[in-house]
Amino acid sequence: MGQNFLSSPPAARMIVDRTGISQDSRVLEIGPGLGALTIPIAQKTRQVIAVEKDRRLVPLLRQELENHGIDWVEILNQDVMKTDIKAIAGDKKLVVISNLPYNISSQILFRLVQERACIEKAFLMFQKELADRILAPPGKKAYSRLSAVAQYAADIECIANVGPAAFFPKPVVDSTILGFDFKGVSTVSETTEILLFTVIKAAFSKRRKSLKNALVGQDLGLEKHAIAQALSCARISPERRAETLTVPEFLSLTQAVQTIFTGKNI
Ligand code: SAM
């Protein structure tokens, strides 16, 4: 379950301090484990919901919180991929904090992007290599589907790097905490956004190929001539590859594809 526990209280306090949470914040912690982050979070706000999948850890976490005189954390023994995040938020946007389980970090980030209407900010720890991919700009080899989707949905900053010595068991790689400032309400419709994510996925699924070839096929269900038409309408050279496209270019391409789908003349 991607269990590398933070074993350095100063590192945990530094992370929580950098989130800027206060008593007004409503915090969702994903994977509290044995409470390394939960305790400093709960010392700043009484509105804490912690979602832990491993039921063996729950009684240990409760005991650890009790040892620190904390009885206001709501612990949900659930898989965060199935948790109703909207219900947890209620009428207040959440701050999500997590030392993410490394085996499903990307999936959790995609999920948070989808649920971002009820999330103000997220502070997430990744393996450094994955964090570098999320931050990579267009044109870099590391620029990927995850980078484009995350950069579309949020302003992202690198908060800090944490070395292996701060964890037990010690991972072999460094970790990086990224801060995501979600851009509130989307500027495009829900349908356009779903199509945008499909276009990005299709383009990166064959990232070595030029867009005119990568986009043809089952993901979008469009023939070669329709893809050529969409690329021309979006003023994107058909010879370019996914890794060179900026987020605004992916959006223009999506709008051109959408126009073809709706049968309008372009
Ligand atoms: N927050 C603790 C810390 O920093 O020491 C633990 C972090 S550990 C990297 C990841 C935690 O996520 C573990 O407690 C693990 O059991 C939990 N976890 C793994 N998959 C999960 C899931 N799908 N939903 C919720 N928690 C999960």
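The values are calculated or read from the model by the stated rules, or taken from the named source; none is laboratory data. Keep in mind it's a predicted model, so treat the numbers as computed, not measured. Note that we place each Cβ from the backbone using ideal geometry, even for glycine, and neighbour counts take in every protein chain shown. Just the protein is used for accessible areas: all its heavy atoms, side chains included, with ligands, DNA and RNA removed. Shrake-Rupley method; radii C 1.70, N 1.55, O 1.52, S 1.80 Å.
Just one residue in the set PRO9, PRO32, PRO40 is open to solvent by 20 Å² or more (accessible area, probe 1.4 Å) and either at pLDDT 95 or above or not hydrophobic (A, V, I, L, M, F, W, C) (or both); that residue is PRO9. Considering ILE134, ILE104, the condition of being among the β-branched types (Val, Ile, Thr), within 15 Å of the ligand (Cβ to nearest atom), closer than 26 Å to PHE250 by Cβ and not in a strand (DSSP E or B) is satisfied by ILE104 alone. If the condition is being assigned to a helix (DSSP H, G or I) and of a type in the set (D, E, K, R), then segment 39-72 contributes ARG62, GLU64, GLU66.
For segment 152-176, the set of residues classified as modelled with pLDDT under 95 and open to solvent by less than 50 Å² (accessible area, probe 1.4 Å) consists of PRO171 only. Number of residues in segment 20-76 that are within 12 Å of the ligand (Cβ to nearest atom), among the basic types (Lys, Arg) and either under 19 Å from SER105 (Cβ atoms) or under 23 Å from the mean Cα position of the chain (by Cα) (or both): the value is 1.
Note on segment 100-151: among residues that are basic (Lys, Arg) and touching a Gly at 6+ places or on another chain (Cβ under 9 Å), the one that is least open to solvent (accessible area, probe 1.4 Å) is ARG116. Any residue at all in segment 78-90 that is surrounded by fewer than 22 Cβ atoms within 10 Å (Cβ to Cβ) and closer than 27 Å to ARG241 by Cα? Within segment 78-90, not a single residue is surrounded by fewer than 22 Cβ atoms within 10 Å (Cβ to Cβ) and closer than 27 Å to ARG241 by Cα.
All of ARG240, ARG208 fail the test of being touching a Ser or Thr at 6+ places or on another chain (Cβ under 7 Å) and either charged (D, E, K, R) or open to solvent by 20 Å² or more (accessible area, probe 1.4 Å) (or both), apart from ARG240.
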